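S.K.: Below is one structure. I have some questions about it.
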Amino acid sequence: MSWDPTWQQVFESREWGKYPPEELIRFVARNFYSARDRNSVKMIELGCGPGANIWYLAREGFDVYGVDGSPTAITRAKQRLAAEHLSAHLKVGDITQLEQLFPPASQFDAIIDVCCLQHNQLSHVVRILSQVFTRLRPGGKVFSMLVAGDSMGKASGREIEPGTFVDITSGPYTGMGLSHFFTLKETKKLFSAFASLQIEQSTRSFNQRKDINKHWVVQGTKPE
């Protein structure tokens, strides 16, 4: 199993992620708000954590699925949904093994990653995206947010392969196990199978603009 057990400790020890990022809301609004029957639009989030994005998607009326390696995160997500009488299909599992969780015939309309892929070694990211492509219906959408290579923190960590760091001691990835910092070239290559590929950047500064945390915001479509 490739899932990092550090995340179980994170979810057990702190409140985490109650609301979706603006970038995801824009993606969903532009692509799916006009659907005549939102409940027929099937979406899955990889690494859903305690359910911030699942909660949002369920409130908007979509048919929502989620998977995470942390039993604590899945339990909290289910509790949050139940408190508002919302529902989603949630599983504990390893996203590198999607074939064991969801058959190719699952055919999702959208597959969502909000800063989950970045906590995998690059070979695992390649494997996950191959399975994502298979499980999207033709015309289906992928959305991903990946930490960029020039973001803060990696210099304080130990590099175990090009771009992948552990034991980070400064910045937002402190105490979060393994993190891969993606170059733009790398990101384009990883998502090259998708049509209408868009890669934007979302940047936040800290410490009077001395430190930068930047994400690549990726959108693409599986060819018809």
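S.K.: Of (1) touching a His at 6+ places or on another chain (Cβ under 8 Å); (2) closer than 30 Å to residue 211 by Cα, residue 116 satisfies all except one. Which?
M.R.: Exception for residue 116: condition (1).
S.K.: So which residues in the stretch 166-188 are modelled with pLDDT of 95 or more and of a type outside the set (S, T, N, Q)?
M.R.: Across the stretch 166-188, the qualifying residues are 180, 181, 182, 184, 185, 186, 188.
S.K.: Out of contact with any helix residue (DSSP H, G or I) (no Cβ under 9 Å at 6 or more places or on another chain), over 25 Å from residue 32 (Cα atoms) and either among the hydroxyl-bearing types (Ser, Thr, Tyr) or assigned to a strand (DSSP E or B) (or both): which single residue out of 170, 151 fits that description?
M.R.: 151
S.K.: Give me the residue from the stretch 191-221 that is part of a strand (DSSP E or B) and small (Gly, Ala, Ser) and, out of that set, farthest from residue 142 (Cα to Cα).
M.R.: 205
S.K.: May I pose another question? Is it true that residue 98 is at pLDDT below 95, assigned to a helix (DSSP H, G or I) and within 23 Å of residue 24 (Cβ to Cβ)?
M.R.: yes
S.K.: When you check residue 86 against the structure, is it part of a strand (DSSP E or B), at pLDDT 95 or above, hydrophobic (A, V, I, L, M, F, W, C) and on the phi < 0 side of the Ramachandran plot, yes or no?
M.R.: Considered against the rule, which asks whether it is part of a strand (DSSP E or B), at pLDDT 95 or above, hydrophobic (A, V, I, L, M, F, W, C) and on the phi < 0 side of the Ramachandran plot, residue 86 comes out as no.
S.K.: Take residue 104 and decide whether it is surrounded by fewer than 18 Cβ atoms within 10 Å (Cβ to Cβ), on the phi < 0 side of the Ramachandran plot and in contact with a strand residue (DSSP E or B) (Cβ under 6 Å, 6 or more places away or on another chain).
M.R.: no
S.K.: For the list (1) closer than 23 Å to residue 30 by Cβ; (2) of a type in the set (Lys, Arg); (3) exposed (fewer than 15 other Cβ atoms within 10 Å of the Cβ); (4) at pLDDT 95 or above, I need the number of the one condition that residue 204 fails.
M.R.: Just one mismatch for residue 204, condition (4).
S.K.: Somewhere in the stretch 72-82, is a residue small (Gly, Ala, Ser), over 20 Å from residue 143 (Cα atoms) and buried (at least 21 other Cβ atoms within 10 Å of the Cβ)?
M.R.: So far as the stretch 72-82 goes, yes, one or more of its residues are small (Gly, Ala, Ser), over 20 Å from residue 143 (Cα atoms) and buried (at least 21 other Cβ atoms within 10 Å of the Cβ).
S.K.: Scanning the stretch 112-159 for residues that are without any contact (Cβ under 8 Å) to a residue 12 or more places away in the chain and in contact with a strand residue (DSSP E or B) (Cβ under 7 Å, 6 or more places away or on another chain), which turns out surrounded by the most Cβ atoms within 10 Å (Cβ to Cβ)?
M.R.: 159
The values are calculated or read from the model by the stated rules, or taken from the named source; none is laboratory data. Just so it is clear, the model here is predicted, and its values are computed rather than measured. Glycine also receives a Cβ, built like all others from the backbone with ideal geometry; neighbour counts cover every protein chain displayed.
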